[in-house]
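The values are calculated or read from the model by the stated rules, or taken from the named source; none is laboratory data. Source: prediction; values computed, not measured. Cβ placement follows ideal geometry from the backbone for every residue including glycine, while neighbour counts extend to all protein chains displayed. What goes into the accessible areas is simple: the full protein's heavy atoms, side chains included, and nothing from ligands, DNA or RNA. Shrake-Rupley method; radii C 1.70, N 1.55, O 1.52, S 1.80 Å.
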Amino acid sequence: MPSLIVEPLNTQHFIMDQDDRKRNKNIGKNFMCRLQCMFSHSSSSESRLSLEDTQQWSQSLERLLESKYGMATFRNFLKSEYSDENIEFWLTCEDYKKIKSSFRMSSRAKKIYEQFIKAESPKEINIDYHTREQIKRNVKTPTIHCFDDAQKIVYGLMERDSYPRFLRSDIYRTLLENLAAEATKG
């Protein structure tokens, strides 16, 4: 009698696995289409998502973030995990460093502090108390370097935690599989 119960469960599990694989392939194809549509304003072959570029994302977080498709894919992955505050903070700091006007820098520094640094802020990043307090002081007379320590901490967290998870994710693996299949077709 127990074998009768086990058999349908195994069959059902196999069907669910097949459904999951089909769904993942579709997710990968849909995601590739969305990525290419996001960046389709340029029609050159350089702007197309390639298998080679996508494979290079696994070499380092830096390589991933240098690629416009890599950045978009990583951000979508983090959003799907509800853990996008680190990449958002890191990107915000990169933009902040480009500010030339001291008035704009002061205003932007306060916004960054309120959004990411302050305890209980909407997108609070995971940094130690000492760094948080140092930034609180830095924001009073901001420079382009006032978030550097926190940015290094956040980059390290992404490199050790989010990035390896991304490389193991269905989003990345399916994207690679679909690009490899496209490459063999022609």
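With a 1.4 Å probe and every protein chain kept in, tell me what percent of the accessible surface of segment 84-153 is carbon plus sulfur.
In segment 84-153, the share of accessible area belonging to carbon and sulfur is 51 percent.
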Please give the contour-minus-distance gain from Lys98 to Arg63: 0.36 nm per residue of separation, less the Cα-Cα distance, rounded to one decimal in nm. 10.5 nm
Under the 7 Å Cα-to-Cβ spin-label approximation, Ala180 and Ala72 lie apart by a distance in nanometres of 2.3 nm
If you take the Cα Rg of segment 53-186 and divide it by 2.2 N^0.38 Å, with N the number of residues, what do you get? 1.21
Once you wrap a convex hull around the alpha carbon atoms of segment 84-153, what is its projected area averaged over all directions, in nm²? 4.0 nm²
